[in-house]
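Encoded as structure tokens, the structure appears first; notes follow it.
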Amino acid sequence: MDRRSFLQTLGAVTLSQLLGACQQNNRTALQVNLLQKTLPPQLVDKFRSNSNIPLQISLKSSTQEIFTQLQRWHREDQKQPSEKSAPEDQPKLPSRLASLGDYWLPQAIQQNLIQPLSADALSRWSDLPPRWQQLVRRDLQGNPSDEGKIWGAPYRWGATLIAYRTDKFKDLGWKPKDWSDLWRSELKGRISLLDQPREIIGLTLKKLGQSYNLDDLDSISELSQALKALNDQTLFYASNQYLEPLILGDAWAAVGWSSDILPALAREPELDAVFPASGSALWADLWVQAQPNKAINQWINYWWEDTVANNLSEFTDTVSPLLSAQLSVKSRSHRLVATPEQFEKSEFLLPLSTLTLQQYKRLWQAIRIQA
């Protein structure tokens, strides 16, 4: 099946089929919160058909909404009587899980909003490459720990990319390949950047041969000057509409998330994108549970099945982590492509110390005052 025929069949799947409410047996119902337009409806419907688990999907427009929902669930759980003291006719809360970005994982753990998963219940845990296992093993403060519990199941990932206008770069006679290209004089006043200090200071660190997760920014003497120079190159900072200047032609290059950039490539023939050669910032969406349940394990294991993982990677704008060990990491229907070397050089944005966060804030404010 090609991408076009796959997407055309979306119209045949009604909203009532996909967002079916848990009506009768809420003792075994599964309630899932996730972002809009992230899962192919056919794959959701296939799970419902194969498992016979009453399924309720709640679509959210932002990760903040999902996190807020986790907080509501936690408050409801606190009010729920214990199983021993609850009356026989007291309905149980449904089994609840959510799709949460890895960046939010420390907060969710610290606030006791989620519960750890059992490796024994996850059929393909051992098949996940080590870096994915390390990503979700955290201590009780949410910091990475080899001895930590498993707090989430990664099922899709993306990266920060450089998008650019092919017509403008054809005239320039070169194409961007790495972060360092953003500092080239031809792009002065022609770059759109994310309004995100971890991303922009991070890519500058990468350009200087450092890590996104460097714990002492003051130790890099050239960092401040490099950021000032990048600011001089910048036309526009935003976290939501940063692609608009690129589409309009006012910007010639933009730094953004693959989940935004890849759909734009399908709509805008003059746009292309590149995975930076020196590595990039990675992000992952994880299945996290409000409380342990067999139905939740079934849901997680389903998204790790070979066919499902392949379909998710082929027909959406993300890639399954189970495909990350292949010769090339890519979404076949789009252009999220990384060589094994590029992927190995890339990093997840990990928790920082209070001191380091203060350094980020001070440096970012100094740069943005000039913007």
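The values are calculated or read from the model by the stated rules, or taken from the named source; none is laboratory data. Predicted, not measured: the structure shown is a model, and the values here were computed from it. Cβ atoms come from the backbone with ideal geometry, glycine included; neighbour counts cover every protein chain shown. SASA here: full protein model, heavy atoms, side chains in, ligands and nucleic acids out. Shrake-Rupley method; radii C 1.70, N 1.55, O 1.52, S 1.80 Å.
So, counting K/R as plus one and D/E as minus one, what does the shell of residues with Cβ under 15 Å around Ser221 add up to? Spelling it out: positives minus negatives among the neighbours equals -1. Computed on the stretch 183-239, the Cα convex hull volume stands at 68 Å³ per residue.
So how do 279-291, 119-131 stack up, highest first, on mean other-Cβ count within 10 Å? Please report the intermediate quantities before stating the final value.
Numbers: 279-291: 23.4, 119-131: 14.0.
Per-residue mean Cβ counts within 10 Å order the peptides as 279-291, 119-131.
For the stretch 216-329, compute Rg over Rh where Rg is the Cα radius of gyration and Rh is the Kirkwood radius from the inverse mean 1/r over Cα pairs.
Values: Rg = 19.0 Å, Rh = 17.8 Å.
Looking at the stretch 216-329, the ratio lands at 1.07.
When the square roots of the Cα gyration tensor eigenvalues are ordered a ≥ b ≥ c, the ratio a/c for the stretch 129-176 is 1.5 or more and a/b exceeds b/c, which makes its shape prolate. With equal scatterers on the alpha carbons only and no solvent term, can you work out the Debye log10 of I(q)/I(0) for the stretch 231-290 at 0.17 1/Å? After summing over all Cα pairs, the log10 values are -0.67. In summary, the lysines within cross-link reach of Lys361, defined as a Cα separation below 26 angstrom excluding same-chain residues under 8 places away, comprise Lys188, Lys206, Lys207, Lys228, Lys345. Label zone of Gln365 (point 7 Å out along Cα→Cβ, amide N under 18 Å): in the stretch 191-233 this covers 196-198, 201, 217-218, 224, 228.
Full-extension gain between Glu147 and Lys175, please, as 0.36 nm times their residue separation minus the C-alpha to C-alpha distance. The partial results should precede the final answer.
On the way: separation 28, 0.36 × 28 = 10.08 nm, distance 4.40 nm.
Contour length minus Cα-Cα distance gives 5.7 nm.
Only Lys, Arg, Asp and Glu carry charge here, each on its Cβ (+1 for the first two, -1 for the last two); on that basis the stretch 201-298 has a dipole of about 340 debye about its Cα centre. Extension gain for Asn112 to Glu76 (0.36 nm times residue separation, less C-alpha to C-alpha distance): 11.7 nm. Dipole size of the stretch 86-238 about its Cα centre, with +1 on Lys/Arg Cβ and -1 on Asp/Glu Cβ: approximately 640 debye, rounded to the nearest 20. Each Lys or Arg adds one and each Asp or Glu takes one away; over the other residues whose Cβ falls under 14 Å from the Cβ of Ser62, this sums to -1. Over the stretch 166-267, with every protein chain in place, what whole percent of the accessible area is carbon and sulfur at 1.4 Å, could you tell me? With neighbouring chains kept in place, the figure for the stretch 166-267 is 44 percent.
Scanning residues 5 or more positions from Val319 or on other chains, those with amide H under 5 Å from its amide H are Trp157, with H placed 1.01 Å from N in the peptide plane. Peptides 36-47, 167-178 ranked from most to least packed, by the mean per-residue count of other Cβ atoms within 10 Å: 36-47, 167-178.
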